[in-house]
Amino acid sequence: MLTLPIFTRYLSPEEFGTIALLIAFGLVCRAIFGLGFGVSTGIVYFRAAVGDAQSGVAKTAFILTVLASLALLAIVVPSAPTLSWLVLGGSNLFGMLILFTIAAALQNMLQPALMRIQFLKKPFRYVILSTGSAMIGVAVALWLVAVEGRGVSGWVEGTLIGALLGVIGGVLFNRDAIRAPVDWRAARELMRLGLPVVPSLGFMFVVQNSGTYTLQHLAGLDQVGIYGIGLNMGLAMGLFAGAFFTAWTPFFQSYATHPADAPPVFRQVAVSYAAIGGFLAVLFFTFAKPVTVLLTEPEFHDAYRIVGIAAFGQYLLGVWGILLPGIYFASKTYVQTAVQAVTAVIVVGLNFVLIPTWGIEGAALAMSIGMLTMVVLLAAVNRIKGYQAMAFSLIPVTLLVTLMVPVALLQRLLDEALTLVPATIIGVGIAVLYAGVGFRFLEPPIRRRLMAFIPRVSKSA
């Protein structure tokens, strides 16, 4: 996000629109050709015996992902001119489409390596591999865009370099697993558990990204660019939600062999995430306008209107993740696909209803309403079916999520009625009140740790 002042100075809203469309295309490629291994790898890994058996699972997942990525390139490269016209609105952009597809394929290959490092509980290596390669890619992109004047192609080339370095680092950090034998039984299990999830990932793509393409057709590429800026700023909330999801997935999968012990632990996780994550999401509504004005050029300032909405959607993604163990432990993963399919249809319809009137706000609202729909439907399934892993009250989580709606509306009224400084100050006060409500729902041990931590922070300040 800190690179926005530079990128918005050297790239137009239309160029940002092209980048947003490329990102959306890359996400759908990764969703389909990732084979659902983001879910199945952890389950198969933890079911395997420790040592070489687990290393064999990770190696097998990597090989299958490489093969899937090669299949992706075999499809995209010959059809790039046609796909470029369909995805980007111009057949002359097929070279950038090919390069970005290669980057997406490399990012796909990196995932099994990252997951094994995560399973081995090596956070330093994980941060270096996931963040370090991305930062190098951004630095290269900045140089190519700002100094070399290469525009969108410079951004694509930087992304490709970052992805390549990530794969190289992933192989080096997991070189001890190279000697492990390929486990074909694990391969069958990976495919059996992962492939049914692929349609759900496709539907998830529709929920999160259909607004981008609908905006392109109904509002123009410049609006796609402004939408992309606001969406990316809101996705900074995804740093928290993503970090939580990264830690949560192997954590809840480790309870697969003893699900009866899960409910009290999962309740603590759910309430803590809802309270802390909700407070952060409120801050995104509060600081959306001043931060957008500070970091972007004037033609991008309208992006602030969707920052908080996008952050709310990312927050709900974490809540959705909390509800997943119920259907996974019950081996009912088809429920995930069904819920997301229904939601995808609703979101597509909302895009065509809301975007003509509300523009970029309509697209963001459709996405967040979709995320909320997914959460509500999955919570209802868990409750109706009585899945043991989710056998606890969700009232605190429900209340904290619901409170977000009046908070967002109030902040929007403040932004429209007051100047920047008073609106921000009052917004901070609202965020503090929200935090107070969330604080009351935290488990006593967590509350005591926070109470001990706050004075130390104040003293340091």
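Values in this text are rule-based calculations from the coordinates and carry no lab data. Please read these numbers as outputs of a predicted model, since none were measured by experiment. So basically every Cβ, Gly included, is an ideal-geometry build from the backbone, and we count neighbours across all protein chains shown.
Once the C-beta distance of M135 and H301 is scaled by a Förster radius of 22 Å, the resulting FRET efficiency is 0.25 to the nearest 0.05.
What the phi angles of region 365-373 give under the Karplus curve with 6.51, -1.76 and 1.60, with θ = phi - 60°, is a coupling list of 5, 4, 4, 5, 4, x, 4, 5, 4 Hz, glycine and proline written as x. 3J(HN,Hα) along region 405-418, derived from phi through the Karplus expression 6.51 cos²θ - 1.76 cosθ + 1.60 where θ = phi - 60°, amounts to 5, x, 4, 5, 5, 5, 5, 5, 4, 5, 5, 7, 8, 10 Hz, with x in place of Gly and Pro. Neighbour counts of C-beta atoms inside 10 Å place T337, T292, T18 in the sequence T337, T292, T18, starting with the fewest. Given R0 = 51 Å, the distance between the Cβ atoms of E416 and L195 translates into a calculated FRET efficiency of 0.60.
Helices in the chain, meaning DSSP H runs of at least 4 residues, each add -39500 (n - 2.57). Divided by all residues, the mean residue ellipticity at 222 nm is -27000 deg cm²/dmol.
The peptide list 300-312, 348-360, put in order of mean Cβ contacts within 10 Å with the highest first, becomes 300-312, 348-360. Taking other C-beta atoms within 10 angstrom as a stand-in for reagent exposure, I229, I32, I19 fall in the order I32, I19, I229, fewest first. Whole-percent P(r), region 219-461, all Cα pairs, 5 Å bins from 0: 1, 6, 13, 16, 18, 16, 13, 9, 5, 3, 1, 0. Subtracting the Cα-Cα distance of K332 and V77 from 0.36 nm times their residue separation leaves 88.1 nm of extension gain. The label point for V428 and the one for L218, both projected 7 Å from the Cα toward the Cβ, are 3.8 nm apart. Taking the square roots of five times each eigenvalue of the Cα gyration tensor of region 1-195, the equivalent ellipsoid has semi-axes of 33, 20, 12 Å, listed largest first. Coupling constants for region 146-162 follow from the phi torsions by the Karplus curve (6.51 cos²θ - 1.76 cosθ + 1.60, θ = phi - 60°), and in residue order they are 7, 9, 7, x, 8, x, 4, 4, x, 5, 4, 5, x, 4, 5, 4, x Hz; glycine and proline get x. With Cα atoms defining each centre, region 184-227 and region 277-292 are spaced 26 Å apart in the structure. Annotation: extensible slack from K385 through V345 equals 12.0 nm (criterion: 0.36 nm per residue apart, minus Cα-Cα distance). For the pair region 75-123 and region 154-168, the centres of their Cα atoms are 10 angstrom apart. Label zone (V66, point 7 Å along Cα-to-C-beta; backbone nitrogen cut-off 18 Å) within region 150-165: 163-165. Between N92 and L172, the simple spin-label model (points 7 angstrom out along Cα→Cβ) gives 4.0 nm.
Each of E443, E189 was scored by other Cβ atoms within 10 Å of its Cβ. Arranged with the fewest first, they read E443, E189.
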